[in-house]
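Reviewing the structure listed below.
The values are calculated or read from the model by the stated rules, or taken from the named source; none is laboratory data. Small disclaimer: the values here were computed from a predicted structure and weren't measured. Cβ coordinates were reconstructed from backbone atoms using ideal geometry, including for glycine residues, and neighbour counts include every protein chain displayed. Calculation scope for accessible area: heavy atoms of the full protein, side chains included, ligands and nucleic acids excluded. Shrake-Rupley method; radii C 1.70, N 1.55, O 1.52, S 1.80 Å.
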Amino acid sequence: MLSFTLAMDYNERMQVDVRLLNDVVETLGAITEELLALGDRYRYGTASIKSDVALAESYYRVAAELGDWEGMRKLAAVLEEQGRSSEAEAWLMRAASEGDDQAEDELHAPRG
């Protein structure tokens, strides 16, 4: 009886842990979406926000460091625009190595 109770407690704890992990993943997704949106606003500017590429880079970098592939690609694009090609390529390579097909395509695209 005791082993059955312990097994049930373990399964219940695992279910709680999985729910909490799903909540964390969902929250991180929302955070990275906001970081990317802020990065875009500062990269391109808006009617009320003056363009600030350095600030955009910082938002993209946080998203990239959190593992967001789009953040890695956008950071790479900003770095490339600034002539920081080797750093840009490193971010694209990281995204591609983690399974991002779009980053893989960008690595093999002709540069002009």
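Table for the structure above
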| item | result |
| --- | --- |
| Helix 2-44 vs. the chain, principal-axis angle (Cα, 0 to 90°, nearest 10) | 10 degrees |
| Per principal axis, descending, Cα span of the range 1-108 in whole Å | 67, 37, 16 |
| Debye, to nearest 20: dipole size of the chain, +1 on Lys, Arg Cβ, -1 on Asp, Glu Cβ | 340 debye |
| Helix-only mean residue ellipticity at 222 nm for the chain, each DSSP H run of n ≥ 4 adding -39500 (n - 2.57), per residue, nearest 500 | -27000 deg cm²/dmol |
| Where the range 40-101 is the region considered: accessible area per residue in Å², 1.4 Å probe | 54 Å² |
| Low-density loop positions, trypsin sites (Lys or Arg not before Pro), the range 26-89 - DSSP coil, at most 10 other Cβ in 10 Å | K50 |
| Portion, in percent, of the accessible area of the chain that falls on carbon or sulfur, probe 1.4 Å | 57 percent |
| Relative contact order of the chain, pairs being alpha-carbon contacts under 8 Å that are 6 or more residues apart, as % | 14 percent |
| Tilt relative to the chain, helix 69-81 - C-alpha long axis, 0 to 90 degrees, to 10 | 20 degrees |
| Dipole of the chain, positive end: most advanced residue of A37, V24, A109 [Cβ charges, Cα centre] | A37 |
